[in-house]
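Worksheet for the structure shown next.
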Amino acid sequence: MPKYAALIYSPAETEGMGTPEDWAKVMAEYNVFGEEAGAAGVLVGGEALHDSHTATTISVSGGKGGDTLHTDGPFAETKDVLGGFYLLECSDLDEALSWAARIPGAWHGKVEVRPCVDFTEGQ
Amino acid sequence: MTGDLTEILRIEGGQVLATLIRLTRSFDLAEDALQDATVVALQRWPLDGVPANPAGWLTTVARNKALDRIRRESVRTSKESEAMRLLGDPPVADGDDRLRLLFTCCHPALSLEARVALALRTIGGVSTVDIARMFLVAEATMGQRISRAKKKIAGAHIPYRIPSEKELPGRLDAVLATIYLIFTAAHHAPSGELDSHLDAGDEAIRLARLLVALMPDEPEARGLLALLVTTHARRVTRLDSAGDVVLLADQDRSMWDRGAIIDASSIVDSVMQRGPVGPYQIQAAIASLHSEAERYDQTNWLRIAQLYRLLEGIQPGPVVRVNRAVAEAQVSGPAAGLDLLTDIAGSDGWYLFWSTKADFLRRLGRWDEAVVTYQRALECSMNDTDRRFLESRLAGVTHRSTGTGGR
């Protein structure tokens, strides 16, 4: 069964904003999704991420063992930031998209659905 | 003879490919196998004659070729047992295969450009070279677009099935929009002139007929077919021998394909009497009213304006508004049309908005404003024939503007 990463993005300017009440309301929405997707057996994993300013991006120059360049911040400075992700196991893209449409991030921001590579599949 | 055979193979190929994709679950393997079978057909048919059921013949041969390929490619061992199981059953042609293929190629997770290319390639059997010519892009670019789309279908597991009742409205829209875009590509070449021995309009009509055959109870599919047929029936008079745009008012209506126009009208009449009316049916009704008028001054503008009002209610937007303004101007005069063209969002870069507005100003004798507005239209125009038309109109109003001492 294919796996899909549902990557949850939200506008950068809303990061860390909102009152504790707002936060509790959104968390309650995520709990509903977690319960529903969990009960349906499609939820394989997922995490919420700390704000994007806690991110460190690294790149190694000249191959393995080379110098590591650290950049303070996420990979791409865009108006949308990655806030968390789910790993969903679904029969096809349609099912994955229908679950993605139930993730609160889909109405608070955007959800990108990416199929995961299955290394057991011969090619 | 070979030309006829190639055409038979192209037309029948869509059905065969659709069945093969269902059996093999792989676009690439199905295409390779069909290609192999086509080679055999081109050798055998000239000698043995075309079989009574070309699609069935091709499917059987292609299925065996697919099995050969799987056996040869040992790297595919992990998939072999699965493929053997799938191919084990005799390949019964399933009428729904092509519908599955159409919905897969027109999946909303694919870009509209990718859908158009994939539908023409797989269902229409049009070669990549010809699709590239239709859309005026390099063959390599089109090949890459098609192969990326196929990779996405395989990698993301876009399902090969007919959508459920609940999904159907949204999914059907994607199919209709794809066919419509193929058709409009034939009518609005972005720049230069079209160069292909295949006509994108004919191909779009073929796909629309197929959709109607596959979904006979779907009124919007019939609406789309009628719209394309009646518009296509007038194509010979759209441009003059120099390739310039001829206005509807000036076209030689005796050259229109009356048979096709009558066919389209009867489709419109039959669907409009049934349930809820959708945007393609309304556009088909409007196009039919234009086609049915034997002379331009016999056009039923009152009814056309009503239909545009109906269309704007369910599908508002600048395109519908501009067309409605043209119809209302015919009923109540250019001032009424001009009133409808003040503050429309999202039309700044659209030449038809400016050229329509300029035409109203010209008819109202507001020469100075007409000059400025035709200039805006020219700035937005991308098509040589449209530019030639606008330049001649601009010359006319500029003459009047200076002639009346306007500036």
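Only the coordinates and a few stated rules stand behind these numbers; no lab work does. All figures in this text were calculated on a predicted structure; none of them were measured in a lab. Positions of Cβ are backbone-derived with ideal geometry, glycine not excepted, and every protein chain shown enters the neighbour counts.
Semi-axes of the equivalent ellipsoid for region B:95-216, please: Cα gyration tensor eigenvalues, times 5, square-rooted, ordered largest first, whole Å.
Working: eigenvalues 110, 56, 27 Å².
The three semi-axes for region B:95-216 are 23, 17, 12 Å.
Whole-Hz Karplus values for region B:328-339 come out as 5, 5, 5, 7, 10, x, x, 5, 5, x, 4, 4 Hz, taken residue by residue from phi with 6.51 cos²θ - 1.76 cosθ + 1.60 and θ = phi - 60°; glycine and proline positions read x. Got the relative contact order for region B:95-216 handy, in percent, Cα pairs under 8 Å and 6 or more residues apart? Over region B:95-216, the number comes to 34 percent.
Taking the Cα centre of region A:7-86 as reference, the dipole from Cβ charges on Lys and Arg (+1) and Asp and Glu (-1) amounts to some 320 debye. Taking a quarter of the surface of the Cα convex hull of region B:265-407 gives a mean projected area of 9.7 nm². For the protein assembly as shown, the residue among A:Leu88, A:Val42, B:Tyr280 whose Cα projects farthest onto the positive side of the dipole built from Cβ charges is B:Tyr280. Can you find, among A:Ala100, A:Ala5, A:Ser61, the residue sitting farthest towards the positive end of the charge dipole of chain A, where Lys and Arg contribute +1 and Asp and Glu -1 at Cβ? So the residue we want is A:Ser61.
Take peptide A:87-94, look around each residue's Cβ out to 10 angstrom, count Cβ atoms belonging to other protein chains, and average those counts.
Numbers: counts 0, 0, 0, 1, 2, 6, 9, 11.
Average neighbour count from other chains, rounded to a whole number: 4.
Compactness of region B:254-321, taken as the C-alpha radius of gyration over 2.2 N^0.38 Å, stands at 1.14.
Could you work out the helix-only [θ] at 222 nm for chain A, with each DSSP H run of four or more residues adding -39,500 (n - 2.57) and the total divided by the number of residues, to the nearest 500 deg cm²/dmol? Don't skip to the answer; put the middle values down first.
On the way: 3 runs with 33 residues, N = 123.
Counting only the DSSP helices, I get -8000 deg cm²/dmol.
The convex hull defined by the C-alpha atoms of region B:336-407 has an orientation-averaged projected area of 4.7 nm².
With all pairs of different C-alpha atoms in the average, the Kirkwood value for the hydrodynamic radius of the protein assembly as shown is 27.2 Å. Rounded to whole numbers, the Karplus 3J(HN,Hα) couplings from phi for region A:8-14 are 9, 10, 9, x, 4, 6, 8 Hz, using 6.51 cos²θ - 1.76 cosθ + 1.60 with θ = phi - 60°, and x at Gly and Pro.
For every helix of n ≥ 4 consecutive DSSP H residues, a contribution of -39,500 (n - 2.57) applies; sum these over chain B, divide by its total residues, and give [θ] at 222 nm rounded to the nearest 500 deg cm²/dmol. Don't skip to the end; give the middle numbers.
On the way: 19 runs with 276 residues, N = 407.
About -22000 deg cm²/dmol.
Ranking B:Met382, B:Tyr351, B:Trp367 by Cα position along the charge dipole of region B:348-407, where only Lys, Arg, Asp and Glu carry charges on their C-beta atoms, puts B:Trp367 farthest toward the positive end.
Along its three principal directions, the equivalent ellipsoid of chain B from the Cα gyration tensor extends over semi-axes of 46, 22, 20 Å, largest first. Amide H contacts for A:Val81 (H built 1.01 Å from N in the peptide plane; partners 5 or more residues away or on another chain; cut-off under 5 Å): A:Ser10, A:Ala12. Using θ = phi - 60° in the Karplus curve 6.51 cos²θ - 1.76 cosθ + 1.60, the 3J(HN,Hα) couplings for region B:342-347 round to 7, 5, 9, 5, x, 10 Hz; x is entered for Gly and Pro.
Roughly how many debye, to the nearest 20, is the charge dipole of chain B about its Cα centre, given +1 on each Lys and Arg Cβ, -1 on each Asp and Glu Cβ, and no other charges?
Working: 49 positive and 52 negative charges, 156 e Å.
That gives a dipole near 740 debye.
Rounded to the nearest 0.05, the FRET efficiency derived from the C-beta distance between B:Ala213 and B:Ala293 at R0 = 30 Å is 0.50.
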